[in-house]
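Enquirer: The structure follows.
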Amino acid sequence: TVAETSLTFPCLKYVIDTGLINMSVYSLALERTQLEEIKSAKSTTKQRLGRLGRTQPGEYYALYDYLPGEQREYPIPQICQSDLVNIEFSLRKSCLRTNLRDFIQYLPDKPKREFIDDAIKQLQRLEFIGRPPNEYFTSLGKSIAELPDFTSLSMSKAVHAALTRYRCGRDLII
């Protein structure tokens with residue numbers, strides 16, 4: 001992982017490349033993000049190799065032997081393998097007042113439609129947006145949109161409940 005940073009480590013003399021990376025990938029079937037071990041892309045390999053020889057000679061060891069065409073040219077873009085619920089919510093509460101279905105045209109790499117639909121279903125399950133054809137913010141969704149970002153919408157809902165229902169938790173948002 002050190003070999004993939006943009007930092008220069010003067011004492012870095014050896015890079016041992018397994019040809020694998022751990023990537024967080026959202027599973028539609030399990031409805032959760034999980035860590036998967038996948039083959040690194042050619043660009044990642046080049047980045048790792050580029051860490052050597054900057055301040056002193058170094059050695060690179062590749063512990064893999066991929067066949068031609070087995071390795072992707074570039075990694076899969078993060079937006080194409082992530083849970084999109086936070087992005088969907090952020091777009092809806094932003095000054096753009098849009099959603100991924102409309103915004104997708106501006107993305108160079110587009111996530112699959114199923115991932116966008118899943119994000120919308122999650123927002124509906126959390127009762128932040130209405131059901132079709134009225135997929136706008138509910139009163140709860142509007143309230144949550146005014147809270148600071150807690151990185152998890154479930155956490156935001158819990159904080160909202162603490163503030164409104166149980167009259168506590170003010171120190172969480174100061």
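The values are calculated or read from the model by the stated rules, or taken from the named source; none is laboratory data. Small disclaimer: the values here were computed from a predicted structure and weren't measured. Positions of Cβ are generated from backbone atoms using ideal geometry, with glycine treated the same way; all protein chains shown enter the neighbour counts. Keep in mind that these areas ignore ligands, DNA and RNA; they rest on the heavy atoms of the full protein, side chains included. Shrake-Rupley method; radii C 1.70, N 1.55, O 1.52, S 1.80 Å.
Enquirer: I'm checking my understanding of the structure. Among residues of the range 120-143 that are assigned to a helix (DSSP H, G or I) and open to solvent by less than 40 Å² (accessible area, probe 1.4 Å), which one is farthest from Asp83 (Cα to Cα)? Steps first, answer last, please.
Expert: Step one: of the range 120-143, the residues assigned to a helix (DSSP H, G or I) are 120-125, 139-143.
This time we only want the ones that are open to solvent by less than 40 Å² (accessible area, probe 1.4 Å), so: 120, 122-124, 140-141.
Details: Ile120: 11, Gln122: 10, Leu123: 12, Gln124: 15, Leu140: 21, Gly141: 19 Å.
Only one residue tops the list, namely Leu140.
Enquirer: Let me ask something additional. Check His160 against each of (1) over 18 Å from the mean Cα position of the chain (by Cα); (2) farther than 22 Å from Glu31 by Cα; (3) in a loop (DSSP other than H, G, I, E, B) and name the one condition it does not meet.
Expert: (3)
Enquirer: Looking at Ile16, Ile38, Ile87 in this structure, which one is within 30 Å of Ala145 (Cβ to Cβ) and touching a residue at least 12 places away in the same chain (Cβ under 8 Å)?
Expert: Ile87
Enquirer: Right, next: Of the residues Gln56, Gln47, only one is closer than 20 Å to Ile16 by Cβ, touching a helix residue (DSSP H, G or I) at 6+ places or on another chain (Cβ under 7 Å), modelled with pLDDT under 95 and open to solvent by 50 Å² or more (accessible area, probe 1.4 Å); which?
Expert: Values: Gln56 fails: touching a helix residue (DSSP H, G or I) at 6+ places or on another chain (Cβ under 7 Å).
Result of the check over Gln56, Gln47: Gln47.
Enquirer: Restricting the first residue to the range 159-174 and requiring it to be under 13 Å from Ile144 (Cβ atoms), which pairs with a second residue that is among the hydroxyl-bearing types (Ser, Thr, Tyr) meet a Cβ separation below 8 Å and a spacing of at least six or different chains?
Expert: From residues that are under 13 Å from Ile144 (Cβ atoms), the pairs are His160/Ser143; Thr164/Ser143.
Enquirer: Within the range 144-174, how many residues turn out to be open to solvent by 30 Å² or more (accessible area, probe 1.4 Å), more than 17 Å from Val85 (Cα to Cα) and in contact with a helix residue (DSSP H, G or I) (Cβ under 6 Å, 6 or more places away or on another chain)?
Expert: Counting residues in the range 144-174 that are open to solvent by 30 Å² or more (accessible area, probe 1.4 Å), more than 17 Å from Val85 (Cα to Cα) and in contact with a helix residue (DSSP H, G or I) (Cβ under 6 Å, 6 or more places away or on another chain) gives 3.
Enquirer: Further, regarding this structure: Taking the stated definitions as given, is Arg101 of a type outside the set (A, V, I, L, M, F, W, C) and open to solvent by 90 Å² or more (accessible area, probe 1.4 Å)? Lay out the reasoning, then the answer.
Expert: Working: of a type outside the set (A, V, I, L, M, F, W, C): yes; open to solvent by 90 Å² or more (accessible area, probe 1.4 Å): no.
Answer is no for this residue.
Enquirer: Test each condition in (1) touching a helix residue (DSSP H, G or I) at 6+ places or on another chain (Cβ under 9 Å); (2) farther than 30 Å from Glu114 by Cα; (3) modelled with pLDDT of 85 or more for Glu4 and report the one that comes out false.
Expert: Of everything listed in (1) touching a helix residue (DSSP H, G or I) at 6+ places or on another chain (Cβ under 9 Å); (2) farther than 30 Å from Glu114 by Cα; (3) modelled with pLDDT of 85 or more, Glu4 misses just condition (3).
Enquirer: May I ask you to list the residues in the range 81-98 that are of a type in the set (A, V, I, L, M, F, W, C) and open to solvent by 30 Å² or more (accessible area, probe 1.4 Å)? First the steps, then the outcome.
Expert: Keep residues of the range 81-98 that are of a type in the set (A, V, I, L, M, F, W, C), which gives 84-85, 87, 89, 91, 95-96.
Residues satisfying the conditions are Ile87, Cys95, Leu96.
Enquirer: While we're on this one: Starting from the range 132-151, keep only residues that are closer than 15 Å to Ala162 by Cα, then list their pairs with residues that are modelled with pLDDT under 90 whose Cβ atoms are within a distance under 8 Å, requiring at least 6 positions of separation or different chains.
Expert: Taking only residues 6 or more apart or on different chains, the pairs are Leu147/Ile173; Pro148/Ile173.
Enquirer: Okay, next question. Using the structure shown, decide if Asp149 is under 18 Å from the mean Cα position of the chain (by Cα), closer than 26 Å to Ala29 by Cα and part of a loop (DSSP other than H, G, I, E, B).
Expert: Values: under 18 Å from the mean Cα position of the chain (by Cα): yes; closer than 26 Å to Ala29 by Cα: no; part of a loop (DSSP other than H, G, I, E, B): yes.
It is false that Asp149 is under 18 Å from the mean Cα position of the chain (by Cα), closer than 26 Å to Ala29 by Cα and part of a loop (DSSP other than H, G, I, E, B).
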